[in-house]
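K.L.:
Below: one structure in structure tokens.
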Amino acid sequence: MSINYTDLSDADLLRRITARDSRALEALYNRYSPLLYTLVKKIVGDQAAAEQVLVDVFVIIWQKIKAFDERTNNAYCWLVTLARNKAVDTARRMKGASAEKYEYSSDYENYFILPRLSPDIDELDLKTAMSIKGNIEETLHKLTDAQQYVIYLAFYEGLTQNEIASKLNIPVQTVKSKIKIALVNLKEYLLRGGE
Amino acid sequence: MADNQKDFQNFIYPFSLGCLDKEDFVSMVEYIEAGGDFPWQELGELQNLTALLPSFLNIESPQASVKDRVARTLYKLKSEKVQDKKTVPAKVITKTGVYGGQAPQMPVRAQDRVPGSAPHIKQETDNQAQSPRRTPDQSRPSQSTQVKRRVNQTIPDREHYSTEQEELESQIPGELHLNLAPEAETQSTDTGMHLSIPDEPVAEVAPVVTDQPAATSPQDEFVIDMGGQQELQSVDLTLQSDGSVAGTETPAKVFEEQSASRQPDEEAQTDQPIIIQKRGGVSPVIFYLLILLIIAGVGYLYYTFNQRLEQLEKLQKESISVIRGEIANTASVDRDVMLLLSKKETKIYLLSGTPKYPGSFGKIIYSDEEQRGYIQLGSMPEIQGNEQKVYKAWVVIGGRNVPLNTPENEKLDYEFVRIFNMPDISQNPVTEFLVTKQAVDDSKNPSNDVILRGEYLMPGAKK
């Protein structure tokens, strides 16, 4: 009896990858590569680099799938965070050695690139994420420009709090406060269902 | 502590957004791993929220070749892993010989761990040999026993003592040792001298030593101190002209034991008695040394053997893990091939060996609809390790050579290997397939060394 991989959930695909099923990896690639590529390209800005990062991400998925906590059932968050971390790291290294002081290694990858999801995270998959993306966009636009910009610098530019503070010439505490308020507001707007 | 906890709880916002400075990130991870209290649910919500941020970007797809690159990279890594697996055991065995070399990865040298190791034993030996506690009564039997032994000694015993003495000489430098002759006119095995012990004691002791056996004179007498606290016999030995020494036992008072490291001529000038080391007192030392050596040796062997066992066990586990992965992957490929074969539109292209390679064969299984396929090769000629060549599959379509991008470092024999970059041949009247053997870095055109050839004619098409 053949398995229809397109019918499998994201988490099921990851579980099959854990069992070294290469067809599951292919199905995961078919499903996620557009989103991850778009995210990665937005971060690194260059098509060739984005393609390489995407290759690296799927190699990491295959090699280090055991780092995925199956109990979370949240493949979406794990994959997006992984791709984002890898892309940000690549972008920082492309900027020059001073931007990233740690040498890239398997240990570094395990520590800084592989996502550390909360064990108490809700399930989320690509299908669900795509179904609520309108709400997210709408909610994001409700934030102040400053809040949006701080989130943009942090998430897409990969700047740390201190780097954002230096770039905007504002105290680090202000950056921390803006990040916190922006995320809390986002969460509340979403919970209220885009009222 | 409470402030610290509050700080970490505030970290969850930048942590979920991925903008914590690395030092703070490390602190936070350490805090989490130490089992610190944490608002996990809130962190989970924020992580989901952050992951949703890219969902409303204008999605664009990567080029089709990126998928191939992923697959090729994984194949390449797999091959490298298999190669590593094959080479690792040899390296490890070389480094961890049980008897020979010291394993570089050993954190502590064996000799540092075993109490009775060689340096310690040497030190103990030196200490014992020079110890002031090694008094004559402790190391020697009574005078009567000595005399009795001298009278009854046989040559084999003497040889035994000589061996012990040689060992001691190597351990206690600078101390002069002489062999006691068990009977008159017995040749010393290690000095070349003859010891002559007259039955009657000599009243007067005249200690004279010479180092030239040929220059013998009546006063060339040789006094050997037997030591001992009780009344002892001293042996007067006279060096004869032929190199022999005439000796006499005589009662004597206690002689002070001392080192006799001087040369014989010096002895003659200073009239100092020469001390004979009591061989019977040496045996326990040697015995203890041997015991210590054996204990040290056994300890060292046990330690190195244990290390070796641990490493072999680790290697075995790694190998099992790799093999499990390979089995799972092979099973996955087999399932996929079966799935492809069950599709109606899947085609099988047969490849036959060229006249140069008549025994070789192969087949390509490909689904145009799924754009997926595999190649299987059999009885391929062996590629020598130093050839720097690989098999390569090609599709010749409209005079254009398209490599199928099979993994270049696979041996391919009888395995189903995924093919990439298959052009659309469904509309092409004549398509030719080639498998060549060619240089690793030559991937633009097929070489002349064609091993397999196949052909596909569109239904109704003529060649």
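The values are calculated or read from the model by the stated rules, or taken from the named source; none is laboratory data. Predicted model, so just to flag it, every value in this text is computed and none were measured. Neighbour counts are summed over all protein chains in view; Cβ atoms, including those assigned to glycine, are modelled from backbone coordinates with ideal geometry. Ligands, DNA and RNA are excluded from the accessible area calculation, which covers all protein heavy atoms including side chains. Shrake-Rupley method; radii C 1.70, N 1.55, O 1.52, S 1.80 Å.
K.L.:
Can you tell me which residue among A:I43, A:I121, A:I60 is touching a residue at least 40 places away in the same chain (Cβ under 8 Å), among the β-branched types (V, I, T), within 20 Å of A:E163 (Cβ to Cβ) and in the same structural domain as A:R15 (by TED's automatic domain parsing)?
P.N.:
It is A:I43.
K.L.:
Conditions first: (1) closer than 24 Å to B:S65 by Cβ; (2) open to solvent by 10 Å² or more (accessible area, probe 1.4 Å); (3) acidic (D, E); (4) more than 8 Å from every other protein chain (Cβ to nearest Cβ). A:E103 passes all but one, so which condition is the exception?
P.N.:
All conditions are met except number (1).
K.L.:
To continue, here is another question. So, A:I121, is that one in contact with a Gly (Cβ under 7 Å, 6 or more places away or on another chain) and within 27 Å of B:I32 (Cβ to Cβ) or not? Walk me through how you get there before you give the answer.
P.N.:
Values: in contact with a Gly (Cβ under 7 Å, 6 or more places away or on another chain): yes; within 27 Å of B:I32 (Cβ to Cβ): yes.
For A:I121, the condition - in contact with a Gly (Cβ under 7 Å, 6 or more places away or on another chain) and within 27 Å of B:I32 (Cβ to Cβ) - is met.
K.L.:
Only one of A:Y37, A:Y32 is more than 9 Å from chain B (Cβ to nearest Cβ) and closer than 15 Å to B:V70 by Cβ. Can you tell me which?
P.N.:
After ruling out the rest, the residue left standing is A:Y32.
K.L.:
So, one more: Among the residues of segment B:328-372, which ones are open to solvent by 80 Å² or more (accessible area, probe 1.4 Å), more than 21 Å from B:P423 (Cβ to Cβ) and of a type in the set (D, E, K, R)?
P.N.:
Of everything in segment B:328-372, those that are open to solvent by 80 Å² or more (accessible area, probe 1.4 Å), more than 21 Å from B:P423 (Cβ to Cβ) and of a type in the set (D, E, K, R) turn out to be B:R335, B:K344, B:K356.
K.L.:
Give A:S177, A:S105 a once-over and let me know the one that is assigned by TED's automatic domain parsing to the domain that holds A:R71 and among the polar types (S, T, N, Q).
P.N.:
Only one candidate qualifies: A:S105.
K.L.:
Which residue pairs have Cβ atoms closer than 8 Å, lie 6 or more positions apart in sequence or on different chains, and pair a first residue in segment B:27-46 that is facing another protein chain (nearest Cβ under 9 Å) and closer than 19 Å to A:C77 by Cα with a second residue that is part of a helix (DSSP H, G or I) and of a type in the set (S, T, Y)?
P.N.:
Sorted first by the residue in segment B:27-46, then by its partner, the pairs are B:V29/A:Y111; B:L43/B:S16; B:L46/B:Y13; B:L46/B:S16.
K.L.:
Scanning for something of a type in the set (G, A, S) and surrounded by 14 or more Cβ atoms within 10 Å (Cβ to Cβ), does segment B:53-63 turn up at least one residue?
P.N.:
Yes, segment B:53-63 has at least one match.
K.L.:
Continuing with the same structure: Can you tell me which residue is nearest to the other protein chains (Cβ to nearest Cβ) among those in segment A:106-139 that are buried (at least 20 other Cβ atoms within 10 Å of the Cβ) and polar (S, T, N, Q)?
P.N.:
By that ranking, first place goes to A:S118.
K.L.:
Another question, then. Answer yes or no as to whether B:A71 is assigned by TED's automatic domain parsing to the domain that holds B:I327, on the phi < 0 side of the Ramachandran plot and at pLDDT below 80. It would help to see each step written out before you state the result.
P.N.:
Numbers: assigned by TED's automatic domain parsing to the domain that holds B:I327: yes; on the phi < 0 side of the Ramachandran plot: yes; at pLDDT below 80: no.
Answer is no for this residue.
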